[in-house]
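Reading through the structure tokens given below for one structure.
Since every read-out is calculated from the coordinates, none of them should be taken as a lab result. Owing to the predicted nature of the structure, the values given are computational and were not obtained by experimental measurement. Cβ coordinates were reconstructed from backbone atoms using ideal geometry, including for glycine residues, and neighbour counts include every protein chain displayed.
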């Protein structure tokens, strides 16, 4: 066999190996990229679900405030705090494609502020037996409690989706090949790790 034929066979084999490795590399890259995008879209979809339940809560508050306003001696300062907290909570909007730690923290603080204001409102309501017996108030209170439960569920599902995504993007060699940003988690409000003191 001539040297030129051997060189040609070796060259063809090398080209074949290079093409094969290129195809394998492309398929690996494509599968991992698509998988990361799928996980990111799942996080974005779950974020939309979180925003939906927060919006439901914000939509219930004007009716709740109007019902409570009907009681002339009800503390106006408490209602003002709820109205202001709602305004702050609805003014912080986050694009699901740009979930970063800073804007996410602002969103969570605003929502936690609204939760605190609503909790104070419900404590004050205890002093008004007529209001507690009002059918509209009872219905709104039940809807608000149901919404708070939905918020907790959707936040948990969001955190699950973020955990799944963050773990996936940190795996080697994906963390070197792809530069997908880590996404933030919902965290418990400060002070919730301490059990409240109950006095009788």
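Restricting attention to segment 3-29, which residues are closer than 20 Å to residue 180 by Cβ and without any contact (Cβ under 8 Å) to a residue 12 or more places away in the chain? Quick ask: steps written out before the conclusion?
First, the residues of segment 3-29 that are closer than 20 Å to residue 180 by Cβ: 25-29.
25, 26, 27, 28 - these are the residues of segment 3-29 that are closer than 20 Å to residue 180 by Cβ and without any contact (Cβ under 8 Å) to a residue 12 or more places away in the chain.
Could you tell me which numbered condition residue 105 fails, if it satisfies all but one of (1) within 18 Å of the chain's Cα centre (by Cα); (2) in a helix (DSSP H, G or I); (3) surrounded by fewer than 12 Cβ atoms within 10 Å (Cβ to Cβ)?
(3)
Residue by residue through segment 127-163, note down the ones that are crowded, with 16+ Cβ neighbours inside 10 Å, in a helix (DSSP H, G or I) and over 13 Å from the mean Cα position of the chain (by Cα).
Correct list: 131, 137, 140, 141, 143, 144, 147.
What do you reckon, is residue 32 surrounded by 13 or more Cβ atoms within 10 Å (Cβ to Cβ), under 26 Å from residue 179 (Cα atoms) and more than 17 Å from the chain's Cα centre (by Cα)? I'd like the intermediate steps shown before the answer.
On the way: surrounded by 13 or more Cβ atoms within 10 Å (Cβ to Cβ): yes; under 26 Å from residue 179 (Cα atoms): yes; more than 17 Å from the chain's Cα centre (by Cα): yes.
Spelling it out, residue 32 is indeed surrounded by 13 or more Cβ atoms within 10 Å (Cβ to Cβ), under 26 Å from residue 179 (Cα atoms) and more than 17 Å from the chain's Cα centre (by Cα).
Can you work out which of the residues in segment 75-102 that are outside any helix (DSSP H, G or I) and touching a residue at least 24 places away in the same chain (Cβ under 8 Å) is nearest to residue 61 (Cα to Cα)?
Result: 75.
Kindly evaluate residue 63 against the criterion of being surrounded by fewer than 18 Cβ atoms within 10 Å (Cβ to Cβ) and either within 24 Å of the chain's Cα centre (by Cα) or not in a helix (DSSP H, G or I) (or both). So that I can check it myself, show each step before the final result.
Values: surrounded by fewer than 18 Cβ atoms within 10 Å (Cβ to Cβ): yes; either within 24 Å of the chain's Cα centre (by Cα) or not in a helix (DSSP H, G or I) (or both): no.
Against the criterion (surrounded by fewer than 18 Cβ atoms within 10 Å (Cβ to Cβ) and either within 24 Å of the chain's Cα centre (by Cα) or not in a helix (DSSP H, G or I) (or both)), residue 63 does not qualify.
If you go through segment 116-126, how many residues are surrounded by 15 or more Cβ atoms within 10 Å (Cβ to Cβ) and closer than 27 Å to residue 161 by Cα?
0
In segment 164-191, what residues are in contact (Cβ under 8 Å) with a residue 60 or more places away in the chain and assigned to a loop (DSSP other than H, G, I, E, B)?
Going residue by residue through segment 164-191, those that are in contact (Cβ under 8 Å) with a residue 60 or more places away in the chain are 164-165, 168-169, 174, 177-178, 180-181, 183-184, 186-187, 189.
Within segment 164-191, 178, 180, 181, 183, 184, 186, 187, 189 qualify.
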